[in-house]
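Written below as structure tokens is the structure these notes are about.
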Amino acid sequence: RLGSSSITIQDILTASQQQPLPQQGYKCVCCCRVFPMLWSVKTHIQNSTQEGYSCKVYYRRLKALREKEQREQEAAACPGA
């Protein structure tokens with residue numbers, strides 16, 4: 001299932017909320033490279049293995065962990081469900 005999940009702009013923004021942003025640009029949370037536009041970060045993540053980085057794996061894993069955490073929180077909120 002890890003291979004089928006796609007990284008969205010929202011995933012990138014959610015991951016970067018914990019990181020201080022530079023004056024201009026968006027930072028890849030995995031490799032810390034800064035890009036001028038959000039779409040350029042997404043392109044970098046999608047092509048990271050070709051560039052020698054593992055950012056795509058990192059964001060997929062992070063997304064899977066967040067989804068698991070959300071499911072666990074929902075289950076705790078509705079124990080009878």
Whole-Hz Karplus ³J(HN,Hα) for segment 47-57, in order, using 6.51 cos²θ - 1.76 cosθ + 1.60 and θ = phi - 60°, x for Gly and Pro?
9, 4, 5, 6, 8, x, 10, 10, 4, 4, 5
Compute the length gained on full extension between Gln46 and Ala64: take 0.36 nm times their separation in residues and subtract their Cα-Cα distance, giving the result in nm to one decimal.
4.8 nm
Kirkwood Rh (inverse of mean 1/r, distinct Cα pairs), segment 19-68, angstrom:
11.3 Å
I'd like to compare 35-46, 61-72: which one has the highest average count of other Cβ atoms within 10 Å, and what's the full order after that?
35-46, 61-72
Tell me the label-point distance for the pair Val57, Ser6, using the 7 Å Cα-to-Cβ offset, in nm and rounded to one decimal.
2.3 nm
Can you work out the accessible area per residue across segment 19-68, with the rest of the protein chains kept in place, probe 1.4 Å, in square angstrom?
66 Å²
Can you pull the percent of segment 19-68's accessible area that's carbon plus sulfur, 1.4 Å probe, other chains left in place?
52 percent
State the extension gain, in nm to one decimal, for the chain segment bounded by Phe35 and Cys78, taking 0.36 nm per residue of separation less the distance between their alpha-carbons.
11.4 nm
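The values are calculated or read from the model by the stated rules, or taken from the named source; none is laboratory data. Because the structure is a prediction, the values reported are computed rather than measured. Don't worry about glycine lacking a Cβ; one is built from the backbone with ideal geometry, like all the others, and counts go over all protein chains shown. Accessible surface is based on the protein model in full, side chains and every heavy atom, while ligands, DNA and RNA are left aside. Shrake-Rupley method; radii C 1.70, N 1.55, O 1.52, S 1.80 Å.
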